[in-house]
Structure formats: C-alpha cells, structure tokens
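The values are calculated or read from the model by the stated rules, or taken from the named source; none is laboratory data. What you are looking at is a predicted structure, and each value in this text was computed from that prediction instead of being measured. Positions of Cβ are backbone-derived with ideal geometry, glycine not excepted, and every protein chain shown enters the neighbour counts. For the accessible areas, the whole protein counts, side chains as well, though only heavy atoms, and no ligand, DNA or RNA atoms are used. Shrake-Rupley method; radii C 1.70, N 1.55, O 1.52, S 1.80 Å.
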Amino acid sequence: MSLWAAMIGMTLVTFALRASFLLLPPGVETPEVVRRGLRYVPAAVLTAIWAPELVFHGNDLQFSLENERLLAGAVAIAVAWRTRLTFATIISGLVALHLFAWLI
Amino acid sequence: MLLGVAPFGLITGVAMVASGIPAAMAVLMSITVFAGASMIASAQLLGSGTPVLLVLFATLFINLRFMMYSASMRPHFAHAPLRWRLAVGYLVADNVCGLSLGRFADHPEDPAKLEFFLGVGLVIWIVWQLAAAAGAAIGAGLPAAWRLEFAAPLAFIAMSVPFIRDRAMLAAALASGVTVVLAHGLPLRLAVPLAALTGIGAGLALRK
C-alpha cells in the first residue's frame with residue numbers, strides 16, 4: 001500500500017518540478033536570485049548523492065587509501081572530467097573498484 | 001549520450017528490484033516517475049521502511065534540478081501550445097536537456113527546437129524504459145561479486161562532474177560534498193537537503 005502511495009506521490013512531485021517553469025504564463029518573469037540559485041542545484045544535489053557512497057561503509061567513515069570505493073571514485077571523477085562520457089565513467093570506475101580491491 | 005542512458009537505466013531497474021520493489025511495480029514507476037536517481041534512492045528508503053512522506057521529501061530534493069532544467073527550457077518553449085509544454089515537461093531529464101541546451105546554444109534561431117527536443121526525448125525515453133525493464137527482469141540475478149551497485153554513484157559522478165566549469169560551480173560541489181559527509185549522522189536523511197542548500201549558497205557566494 002505504501003508502495004503505491006510512494007509511487008503516486010513521486011510521480012506528482014517529479015512532474016511538478018519538471019513542468020514548473022514551462023507552465024508559467026509567458027508574461028511572468030522569474031526572479032533573478034531564483035534563476036541564479038537554480039544554476040547550482042545539479043552540481044550540489046548530485047554531489048550530495050554520490051559523495052557518501054565513496055566514504056561511508058554503513059555509518060563508518062572510511063577516509064583512507066585502503067578504501068577501494070574512494071580510490072575508484074577518484075578515478076571515475078578524473079575520467080568524467082576528461083571525457084564527459086557517462087559510459088566511460090561507469091566502466092572505468094567499476095574496473096578501478098575491482099583492481100583496487102584486488103590490490104588492497 | 002545513449003551509451004550512458006542504457007547502463008544507468010539497467011542499474012536503476014536492478015537496484016529497485018534489489019531493494020524489494022516488485023519487478024512490475026519497478027517498470028510502472030519507471031514510466032510514471034522517469035527519474036533514475038530519485039528512484040534508486042527511494043527504493044532504498046522504502047526497502048528500509050522509511051515513511052512515505054520522507055521518501056517524497058528526498059524525491060523533491062533529488063529532483064530539484066529538474067526545476068532548473070525547466071527554467072532553462074522556458075525561453076525556448078514559452079509560446080508553444082500547452083499540450084506540447086506538458087510533453088516537454090514530462091521528458092525533462094539530465095541528458096535530454098543537456099543535449100538540447102547544447103544544440104540551442106549552437107543554433108539559437110532554429111525553428112524546429114520543439115521537434116528536436118521531443119525527438120531526443122522520445123529516443124532517450126524508449127532506450128531508458130527498455131533498459132530499466134531489462135534491469136528489473138534481471139533483478140537480483142546478477143552475481144553480487146560484480147559489485148554493480150557501485151555503478152549508481154558512478155552514474156551520478158558522470159552526471160555531476162561535467163557541470164563543474166568554473167570556480168563557483170566547483171565551490172558548490174565541494175561544499176555540498178563536505179557537508180553531506182559531516183552531516184551524515186543527522187536523522188531523517190537531512191544530510192542531502194542540508195548539503196544541497198550549503199552548495200547552492202557557496203556557488204552564489206563565489207559567483208562572478
């Protein structure tokens with residue numbers, strides 16, 4: 001039951017965000033500070049999603065060179081920076097993960 | 001771009017089923033919600049018994065970036081008929097908007113912007129749905145030793161890093177990353193919204 005409620009709710013919330021500015025009447029201006037602030041949303045939100053996955057194991061902070069997820073994440077960041085390709089980033093990160101796990 | 005959509009869709013399908021969502025439900029959700037990052041996060045939250053309201057709150061923050069895309073699409077489509085603006089709204093997603101914004105920047109006077117957006121959106125939508133359905137069907141069938149769950153954060157790295165083109169954007173990402181780690185212990189998964197707000201603040205403070 002809660003699964004259905006979650007799905008319907010997520011559908012509505014997500015569609016409202018997507019359609020928001022597209023449904024405003026043509027004359028309405030977006031406040032400058034909102035437009036500027038929104039620029040930083042993808043970088044800020046997406047980083048907040050992946051960063052904990054690299055350094056936490058459950059609730060333990062593992063900020064060390066013996067954490068293969070942190071090292072593989074660093075490789076993936078470098079590849080994403082250079083290539084901007086999703087596929088190359090995922091593959092290199094997974095390969096690096098297994099390589100570092102094997103080395104450590 | 002398509003090369004990135006397929007693996008991310010596959011991972012999303014696998015991750016949802018692995019979190020305990022029935023495969024048919026995962027496919028339905030993929031069609032109605034159509035937002036991979038929030039579906040992976042929500043499936044994990046639902047799997048660990050988080051109340052629905054909190055799941056919706058997490059969805060709101062993770063998908064807040066769609067509002068930014070919506071705002072950046074508005075100048076191009078403000079005068080299109082409502083039914084097409086609704087269609088554009090449904091198809092707003094990271095890669096669809098990334099491709100379209102690149103094209104519109106190169107061809108600002110293109111009379112066929114709507115056709116371009118809807119065409120790109122439809123292709124990506126189909127690839128995504130097929131990949132997510134395949135992932136849901138495979139479900140827990142993949143060996144755990146492959147550690148494919150790590151592909152989800154990798155996909156988010158691939159989506160976020162290309163945004164970092166200047167100092168302010170780097171500050172936004174760094175501030176958010178540091179905050180989310182420091183705030184990890186907060187209840188109700190408050191670390192993500194707090195980190196997002198800190199990151200936006202850092203970006204605004206450092207902008208030129």
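Summary table
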| read-out | value |
| --- | --- |
| Residue satisfying all of: in region A:22-35; assigned to a helix (DSSP H, G or I), more than 7 Å from chain B (Cβ to nearest Cβ) and open to solvent by 70 Å² or more (accessible area, probe 1.4 Å); farthest from B:T179 (Cα to Cα) among these | A:E32 |
| Scan of region A:73-97 for residues that are part of a helix (DSSP H, G or I) and facing chain B (nearest Cβ under 7 Å), ordered by number | A:G73, A:A76, A:I77, A:A80, A:W81, A:T86, A:F87, A:T89, A:I90, A:G93, A:L94, A:L97 |
| Selection count, region B:160-194, where residues are at pLDDT 85 or above, in a helix (DSSP H, G or I) and under 26 Å from B:A43 (Cα atoms) | 14 |
| Given (1) open to solvent by 40 Å² or more (accessible area, probe 1.4 Å); (2) within 9 Å of chain B (Cβ to nearest Cβ); (3) closer than 25 Å to B:S72 by Cα, number of the condition A:N59 does not satisfy | (3) |
| Residue check, B:A145 within 14 Å of chain A (Cβ to nearest Cβ), part of a helix (DSSP H, G or I), surrounded by fewer than 16 Cβ atoms within 10 Å (Cβ to Cβ) and over 21 Å from the mean Cα position of the chain (by Cα) | yes |
| Yes/no for A:R84 being basic (K, R) and surrounded by fewer than 20 Cβ atoms within 10 Å (Cβ to Cβ) | yes |
| Which listed residue, of A:L38, A:L12, A:L70, A:L46, is in a helix (DSSP H, G or I), open to solvent by less than 50 Å² (accessible area, probe 1.4 Å) and more than 15 Å from B:I164 (Cα to Cα) | A:L70 |
| Residue list for region B:42-68, restricted to those being open to solvent by 10 Å² or more (accessible area, probe 1.4 Å), part of a helix (DSSP H, G or I), more than 7 Å from chain A (Cβ to nearest Cβ) and without any contact (Cβ under 8 Å) to a residue 60 or more places away in the chain | B:Q44, B:G47, B:L53 |
| Residues that are part of a helix (DSSP H, G or I) and open to solvent by less than 10 Å² (accessible area, probe 1.4 Å), drawn from region B:14-35 | B:M16, B:A26, B:M29, B:S30 |
| Verdict on B:A23 being over 14 Å from the mean Cα position of the chain (by Cα) and more than 14 Å from A:W4 (Cβ to Cβ) | yes |
| Among the residues listed as B:G4, B:G9, the single one being modelled with pLDDT under 85 and buried (at least 19 other Cβ atoms within 10 Å of the Cβ) | B:G4 |
